[in-house]
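> Just passing along the structure, written as structure tokens.
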Amino acid sequence: MPEDEEYEEYIEEYASVSSIVKQSLPLLLICIMLGLFAGVVLGSMESSLKALPGLLVLVPAILDTRGNIFGAFGSRLGSALHQGLIQPELKRDENLVHSITAALGEGVIISILLAVTAHYVILALGRESIGIIPLTAISLIAGVGSGLVLTALIIVLAFAGYRRGIDPDNITGPIATTAGDVLAMLALFMAAEIVLGVM
Amino acid sequence: MKTALPLLTFCTLLGIASGLVLDTYKDVLLMLPGLLILVPVIIGMGGNLGAILGARITSALHLGIVELRPTDPLLRNNVLAILIVGMLSFFAVGIFGHLFCVLVGFKSAGLAKMVLISSSSGILLTLIITITAILSAFISYRHGVDPDDTTIPIVTSICDVFGVLALFGVTVVVL
């Protein structure tokens, strides 16, 4: 444990209580506003939530996987930009196509897995589910729909930021989690409406 | 993709557990949309706070400047800062949550109760996150696993489940 001046300085500069609070609070306030907007969308789904038992079970997992999958996608994109493997231009690029395919592929697999698991767990607990097909359809439409928009958003913002000297590593994570929540809720809302319309 | 899928699956299962808790309280939620609008933001903020604390501790571990003891200055500062940020944030969640409800015409539990519910469940969640982040970072590091790979996914998943549990625990007491 280095108990010297350098250590004291580090604590003073990077780990003082006031510096941590000052640097994290503004971004968190933005996240609160967007999070509440996602909440308002969830609150507007009253009729779908009543008509489609099991839908509510999907909500936290769908929000969560957006952050996980596209957070990792953003992180890989940032590393590739830093290493010069990808140029910040919107053109066909082998590496970029690979990353996009992996993220969207994970999204499809997880969306199906999520709905199927949720359906059987709901049944095992003796609760009501709308059925494996409608649940999977909702999860897939919401997952793929929000995934496509989120992929485009992350690429455009990471490229634009990188060209202006902003480190994509500092922005893609919060975009993936916060914009992910909003987009996932909007997509879930639309997916529920579509499935209700078909049923 | 091969390395990501097992962890994603694990996170999905915890997400479903969290969804089942929500589903249990579905009737209360549909009666009081003011509570429903808090759900994404409480889960999200818990994850954000945990990610900040987790990232800070793992960097300090890699730099070799933090030890797992209550008197460690870096650990103490980080924990104190996250508790302060957590309290301020969840207080704001209650106030803005109520305002959003009024704005879009949802039934709110009332400003005082929204703030009380959000702050109490938020503080409870922040404490759970703090302990989870510290333990998962130190335990990973001690076992030779890079805490950067483990801490944040563990914290955010734990947060999914305990976020909704804290919300409903507090709601049952308050309402």
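Where a number appears in this text, it was derived from the coordinates with a stated rule and is not lab data. Note that this is a predicted model, so its numbers are computed, not measured. Note that we place each Cβ from the backbone using ideal geometry, even for glycine, and neighbour counts take in every protein chain shown.
> So what's the projected area for chain B, the Cα convex hull averaged over all directions, in nm²?
Over all viewing directions, chain B projects a mean Cα-hull area of 11.0 nm².
> When all C-alpha to C-alpha distances in region A:46-198 are sorted into bins of 5 Å, what percent of pairs does each bin hold, rounded to whole numbers?
All Cα pairs, binned at 5 Å, distribute as 2, 10, 20, 20, 16, 12, 9, 6, 5, 2, 0 percent.
> Moving on. Build a GNM of chain B with springs between Cα atoms under 10 Å: which of B:H62, B:H98, B:H143 gets the top mean-square fluctuation?
B:H143
> Another question, if that's okay. Within 10 Å of each Cβ in B:71-81, how many Cβ atoms from other chains are there, averaged over the peptide?
Mean number of neighbouring Cβ atoms from other chains: 4.
> Pick from A:L77, A:L34, A:L25: which residue has the top mean-square fluctuation in a GNM of chain A where Cα pairs under 10 Å get a spring?
With Cα springs under 10 Å in chain A, the top fluctuation among A:L77, A:L34, A:L25 is at A:L25.
> Compute the normalised compactness of the protein assembly as shown: alpha-carbon radius of gyration over 2.2 N^0.38 Å, N being the residue count.
Details: Rg = 20.5 Å, N = 374, 2.2 N^0.38 = 20.9 Å.
Dividing the Cα radius of gyration by 2.2 N^0.38 Å gives 0.98.
> Could you tell me the calculated FRET efficiency between A:N95 and B:T9, based on Cβ-Cβ distance and R0 = 30 angstrom, to the nearest 0.05?
0.70
> Report P(r) for region B:98-175: all Cα-Cα distances, bin width 10 Å, range 0 to the bin holding the largest distance, values in whole percent.
In order of increasing distance, the bins hold 18, 35, 25, 15, 6, 0 percent.
> Nearest 500 deg cm²/dmol is fine: what mean residue ellipticity at 222 nm does chain B get from its DSSP H runs of n ≥ 4 alone, each adding -39,500 (n - 2.57), divided by its residue count? Let's see the in-between values first.
Numbers: 7 runs with 149 residues, N = 175.
Result for chain B: -29500 deg cm²/dmol, rounded to the nearest 500.
> So what is the 222 nm mean residue ellipticity for chain A from helices alone, if each DSSP H run of at least 4 adds -39500 (n - 2.57) and you divide by all residues, rounding to the nearest 500 deg cm²/dmol?
That calculation yields -28000 deg cm²/dmol at 222 nm.
> If you don't mind, another one. When 1/r is averaged over all different Cα pairs and the result inverted, which Kirkwood radius in Å belongs to region A:1-128?
Hydrodynamic radius (Kirkwood, Cα pairs) of region A:1-128 is 19.2 Å.
> Give me the inter-chain shielding for A:14-25: mean count of other chain Cβ atoms within 10 Å, whole number please.
Across the residues of A:14-25, the mean count of other-chain Cβ atoms within 10 Å is 6.
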